[in-house]
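The values are calculated or read from the model by the stated rules, or taken from the named source; none is laboratory data. This one's a predicted model, so the numbers in the text were calculated from it and none came from an experiment. Cβ sites come from the backbone with ideal geometry, for glycine too, and all protein chains shown count toward neighbours.
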Amino acid sequence: MTLSELESAKAGSLAEIAAAADAAAVEALRVKYVGRNGSIPALIKAMKDVPKEERPAFGKAVQAWRAEVESALAAKGAGASGAKAFDGDLSQPGRWRALGVKHPLTRVIEETARIFGHLGFTVADGPELENRFNNFTALNTPPHHPSQDRTDTFWFNDDCLLRTQTSPVQIRTMLANKPPVRVICPGRTFRRDTTDATHSANFHQIEGLYVDETATKPVSLADLKSVLAYFAREMMGDGVTVRFRPHFFPFTEPSVEVDFSCHVCKGKGCGVCKQSGWIEVAGAGMVDPRVFKHVGYDPEKYSGYAFGFGVERIAMIKYGIPDIRWLYENDLRFLRQLG
Ligand code: DAH
């Protein structure tokens, strides 16, 4: 098609549109000229056959034709038949799509990672299916210890179990890295507990481990206490303090249980803290030299602390949740209240 042929085709098309008597005729012309297989798209497709020098002028003319045909069709009401006109009430408020909320356990884990991140800790990971060495032996837990019982632990065979704690991630981390080590390890843990308001067979813990060279500065129980005190304030609010009570864990010496002062009554005594002013939240201590030996760290050269706490426990006291099972039911009425 030459330029002058194009101009007369254009004049013809515009005349046809102007003469169209009804919506069906307008639609037929729309299909004929600008529909998917219409003559204008066909011209655009055939553009590559136009001699190069003529292409810009020809292209411009085709585009102009298309624009004129489209506005002529629009003037005749093309497309209006199928499209529904807006009949809403613009004075009404908009509709909001409900936003999701983070699960309280996710929030506690993320908040913990943020707080310890400020202190230079990174997040380490380990599998839920563990071996006896990582979950017990390397953590200085003897074979006759009750936690190794078939009634306490989900064993698959003699060596393979669902981890009962996140402490095996300490072992994995030390086997894979040289000191200094500064990690927290959140994850799922499993015990053969019967479910009730405060127990679940599947719950979450966060482990912490800090190891450094003793010659540079021996890691001390005071370091552990100050770090946990910082964590307590950041997680539970200003004014919350920590106290240590002597305890026993196979993998730490000395070992302590860690209490937070009650964030509800500020330590005066209330229903939440059972009138004691304190809430037990974690186990902790100085890493036992026997644990260092199992991972090939020289106990003469290195010292460190470790701690572990239950995520459900922190979530329950932080948000005032009376029953652990609420955390697993995923009832949106409950989750939204905390969002
Ligand atoms: N693994 C212990 C438990 O599940 C908690 C714990 C106590 C972890 C003392 C530690 C620690 O790292 O030092 O009861």
Q) Is there a residue being of a type in the set (S, T, N, Q) and in contact (Cβ under 8 Å) with a residue 24 or more places away in the chain anywhere in the stretch 203-219? A) yes
Q: Would you be able to say whether some residue in the stretch 262-278 is modelled with pLDDT of 95 or more, touching a Pro at 6+ places or on another chain (Cβ under 8 Å) and either within 15 Å of the ligand (Cβ to nearest atom) or of a type outside the set (Gly, Ala, Ser) (or both)?
A: no
Q. Which one of the conditions (1) away from the ligand (no atom under 14 Å from the Cβ); (2) more than 23 Å from Thr214 (Cα to Cα) does Tyr297 fail to meet, given that it meets all the rest?
A. (2)
Q: Please state which one of Asp152, Asp158 is more than 30 Å from Ala215 (Cα to Cα) and under 32 Å from the mean Cα position of the chain (by Cα).
A: Asp152
Q: Give the residues of the stretch 302-331 that are under 23 Å from the mean Cα position of the chain (by Cα), outside any helix (DSSP H, G or I) and within 16 Å of the ligand (Cβ to nearest atom), sorted by residue number.
A: Gly308, Phe309, Gly310, Ile324
**Q.** Unique match (being within 13 Å of the ligand (Cβ to nearest atom) and under 20 Å from Ile115 (Cα atoms)) among Val287, Val291, Val258, Val240
**A.** Val258
Q: Those residues that are more than 12 Å from the ligand (Cβ to nearest atom), in a helix (DSSP H, G or I) and surrounded by 11 or more Cβ atoms within 10 Å (Cβ to Cβ), I need them from the stretch 140-168; list them, please.
A: Gln148
